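Quick notes on the structure that follows.
The values are calculated or read from the model by the stated rules, or taken from the named source; none is laboratory data. As the structure is a computational prediction, the values presented were derived from the model and not from experiment. We place every Cβ from the backbone using ideal geometry, glycine too, and count neighbours over all the protein chains shown.
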Amino acid sequence: MSLHGAYDPDNIFAKILRGDIPSVTVWQDDHVLAFMDVFPQSEGHVLVIDKASTARNLLEIEPEALSRLALAVQRTARAVEKALKPEGVSILQFNGEAGGQTVFHLHFHVVPRWSGRELKGHGHAPMADTAALKALAERIAAQLD
Ligand code: 5GP
């Protein structure tokens, strides 16, 4: 998948947005959805996406949507920090297959980090237990400003 091309309305995140496949929501508003990554690279790995934009990557996103997403990423990272007390938070974002992207609906990763805990491989982490993800999502959501 190159940096350019048509948006696939059947990508995994489009299906999550339509409710065709389940996901664990952390929080949402009219424009953005924050939900748990089902293959978390660390405990508390959250994804943040725009609900309406069909931008596949950062190069395509409309300025207003990007502004909203940036604020949503910050809000999510702050709640993650309060809830899970990581020593650091990595904000990751990949563009194009060669850039490491695997789902072609623009998204930001909010990944809590602890020194001494190695990050699991991007796209290679084991699938998380849904109940555990729900518990984490509740803890994070409880700390939202
Ligand atoms: P990318 O590689 O495109 O930057 O990130 C895609 C992310 O989506 C990966 O971190 C991957 O674990 C996550 N992911 C893939 N399939 C699903 C799914 O069905 N549900 C959820 N919640 N996350 C997914």
Meets criteria (within 13 Å of the chain's Cα centre (by Cα), farther than 16 Å from Gln93 by Cβ, more than 10 Å from the ligand (Cβ to nearest atom) and surrounded by 16 or more Cβ atoms within 10 Å (Cβ to Cβ)) for Val26: yes
Which number in (1) within 8 Å of the ligand (Cβ to nearest atom); (2) charged (D, E, K, R); (3) surrounded by fewer than 17 Cβ atoms within 10 Å (Cβ to Cβ) marks the one condition that Asp37 misses? (3)
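Does Ala72 qualify as being closer than 17 Å to His105 by Cα, away from the ligand (no atom under 14 Å from the Cβ), modelled with pLDDT of 95 or more and not hydroxyl-bearing (Ser, Thr, Tyr)?
Details: closer than 17 Å to His105 by Cα: yes; away from the ligand (no atom under 14 Å from the Cβ): yes; modelled with pLDDT of 95 or more: yes; not hydroxyl-bearing (Ser, Thr, Tyr): yes.
The answer is yes for Ala72.
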Filtered residues of the stretch 1-23 (kept if surrounded by 15 or more Cβ atoms within 10 Å (Cβ to Cβ), of a type in the set (S, T, N, Q) and farther than 18 Å from Ile140 by Cβ): Asn11
Please identify the pairs in which a residue from the stretch 26-51 that is small (Gly, Ala, Ser) has its Cβ atom under 8 Å from the Cβ atom of a residue that is surrounded by fewer than 20 Cβ atoms within 10 Å (Cβ to Cβ) and assigned to a strand (DSSP E or B), counting only partners at least 6 apart or on another chain. Ala34/Thr25; Ala34/Trp27; Ala34/Gln28; Ser42/Arg113
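Residue-wise test of (1) closer than 25 Å to Ala52 by Cα; (2) at pLDDT 95 or above.
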residue	(1), (2)
Gly88	no, yes
Phe94	yes, yes
Gln101	yes, yes
His105	yes, yes
Trp114	no, yes
His122	no, no
Met127	no, yes
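Between Pro63, Pro9, which is out of contact with any Ser or Thr (no Cβ under 9 Å at 6 or more places or on another chain), farther than 22 Å from Asp129 by Cβ, modelled with pLDDT of 95 or more and more than 11 Å from the ligand (Cβ to nearest atom)? Give the derivation first.
Numbers: Pro9 fails: out of contact with any Ser or Thr (no Cβ under 9 Å at 6 or more places or on another chain).
Just one listed residue meets the conditions, Pro63.
Any idea which of Val111, Val103, Val80, Val89 is surrounded by 15 or more Cβ atoms within 10 Å (Cβ to Cβ) and free of Cβ contacts under 8 Å to residues at least 40 places away in the same chain? Reasoning before the result, please.
On the way: Val111 fails: free of Cβ contacts under 8 Å to residues at least 40 places away in the same chain; Val103 fails: free of Cβ contacts under 8 Å to residues at least 40 places away in the same chain; Val80 fails: free of Cβ contacts under 8 Å to residues at least 40 places away in the same chain.
Val89 is the lone residue from the list that is surrounded by 15 or more Cβ atoms within 10 Å (Cβ to Cβ) and free of Cβ contacts under 8 Å to residues at least 40 places away in the same chain.
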Filter the stretch 102-141 down to residues that are within 12 Å of the ligand (Cβ to nearest atom) and among the hydroxyl-bearing types (Ser, Thr, Tyr) and give me whichever is nearest to Lys82 (Cα to Cα). Thr130
Quick one: what pairs do we get from the stretch 120-145, first residue of a type in the set (Asp, Glu), second in a helix (DSSP H, G or I) and surrounded by 13 or more Cβ atoms within 10 Å (Cβ to Cβ), C-beta under 7 Å, 6+ apart or different chains? Asp145/Arg75; Asp145/Arg78
Residue pairs, Cβ under 8 Å, 6 or more apart or interchain, first in the stretch 6-24 and small (Gly, Ala, Ser), second part of a helix (DSSP H, G or I) and crowded, with 18+ Cβ neighbours inside 10 Å. List them. Ser23/Ile16
